[in-house]
Amino acid sequence: MHLELKHYRAFAVLADALHFGRAAERLNMAQPQLSRLVGFIEREVGVVLLFRTTRAISLTPAGEVFLDQARRLIRQTEEAVQMTRKAAAGMVGSITIGYMDFAISGPLPEILRAFREVCPQVDIGLEHLWTERQRVALLDRRIDFGFLIGPFEHPDVAFVPVASDRLVVVAAEGHPIAAVAEVDLRTLSDAPFIFGAPDKWRPFRAMVDRVCGDHGFLPRVVQEPFNSDGIFGLVSAGLGITIYPERPLRIYPRGLVVRPIADVAARVVTVAAWNRRNASRTLDNFIAVARGFSVAGGSDAASVIDI
């Protein structure tokens, strides 16, 4: 069969007009040319598609079926063109994003919401990975983006900071830190601490050890759950205290006391990172959205928070 898209389009226009003259005008062709084209279609299909009289034309039952299929083909062709153009513009496709606890309870949901508004047809895959695993996955290009503790200095990797949080002390209600506006870390040198397991929280644990070391001690760790939910469950039970970035605490349950730490300038920076070699318009679109959430040092204003 030698039918082309132009034949289906012409038949659809004729079926809509039910008049050779008006249809030929819409198609910018002579009426005899349109008649020959319809005759060619009928010969190719092998059935009569139109009832013709000197005054009018109408579709045969077979013509009704052919018209339905012609319109479907035309629509599919137009959709194929639109989707191809969207793909070229990065508006369709898929991306895979790695994230850790600080990101999913911090900036990531807002970034995903903003990206969804720009590219609603892009499929987003999310994978929970600790910072060090994300670094490997980015270099191996198993994920497109990582939301991890920064910085990530590597020639193949670019990143933008999307959150900068000061460190705070978190304890159960009734703990002595509730009586102070800011915590002097030196007063916690003998306190029991709860931190994430070192094999999964190594960059953050190293940062906390440095901060505490600057104040003359290393934390006495009594429990090491693997995630933030476990940390705060144990803290709320009164088994110990923890140090944590301030912003992600907003989503955690009541019954906790949170206080800023005096004389500590260190901040936990969450970055959106990507492999420079892993390029596509879809990734470019996500990078543009992430850059819109870029932060500098963040606010250093003191606050007292009870959640």
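Each reported figure results from applying straightforward, stated rules to the coordinates on display, with no laboratory input. These numbers were taken from a predicted model, which means no experiment stands behind them. Positions of Cβ are backbone-derived with ideal geometry, glycine not excepted, and every protein chain shown enters the neighbour counts.
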query: According to a simple spin-label model (label point 7 Å from Cα along Cα-to-Cβ), what is the distance in nm between Asp263 and Arg202?
result: 3.2
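Note the full-extension length gain between Phe293 and Thr60 as 0.36 nm times their separation in residues minus their Cα-Cα distance, in nm to one decimal. It would help to have the intermediate numbers written out before the result.
Numbers: separation 233, 0.36 × 233 = 83.88 nm, distance 6.06 nm.
Here the segment from Phe293 to Thr60 would lengthen by 77.8 nm.
By average Cβ neighbour count within 10 Å, what is the ranking of 134-145, 149-160 from highest down? Intermediate results must be reported in sequence, preceding the final value.
Numbers: 134-145: 18.8, 149-160: 15.4.
Put in order of decreasing packing, that is 134-145, 149-160.
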field: the range 1-130 - Rg and Dmax from Cα coordinates, angstrom
entry: 24.4, 78
- prompt: Dipole magnitude of the chain about its Cα centre, charges +1 at Lys/Arg Cβ and -1 at Asp/Glu Cβ only, in debye to the nearest 20?
  reply: 1440
field: Cα point-scatterer Debye curve for the chain, base-10 log of I(q)/I(0) at q = 0.10, 0.15 Å⁻¹
entry: -0.66, -1.10
- prompt: Using the scaling law 2.2 N^0.38 Å as the reference, what is the normalised Cα Rg of the range 163-267?
  reply: 0.96
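Of all trypsin sites (Lys or Arg not before Pro) in the range 17-80, which ones are in loop regions per DSSP and have a Cβ with at most 12 other Cβ atoms within 10 Å? Let's see the in-between values first.
Values: sites: Arg22, Arg26, Arg36, Arg43, Arg52, Arg55, Arg71, Arg72, Arg75; in loops: Arg55.
Sparse-neighbourhood loop trypsin sites (Lys or Arg not before Pro): Arg55.
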message: Can you list residues from other chains, or at least 5 along the same chain, whose modelled amide H is less than 5 Å from the amide H of Thr96?
response: Gly125, Asp144, Phe145
- request: Of the options Leu138, Phe232, Val38, report the single residue whose Cα projects farthest towards the positive end of the charge dipole of the chain (beta-carbon charges: Lys, Arg +1; Asp, Glu -1).
  value: Val38
field: Folded to 0 to 90 degrees: helix 31-45 orientation relative to the chain principal axis, Cα
entry: 70
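Under the 0.36 nm per residue contour assumption, what length would be gained going from the current alpha-carbon distance of Leu5 and Ile74 to full extension?
Details: separation 69, 0.36 × 69 = 24.84 nm, distance 0.73 nm.
Going from the current span to full extension adds 24.1 nm.
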query: Where the convex hull is taken over the Cα atoms of the range 1-67, what is its projected area averaged over directions, in nm²?
result: 4.1
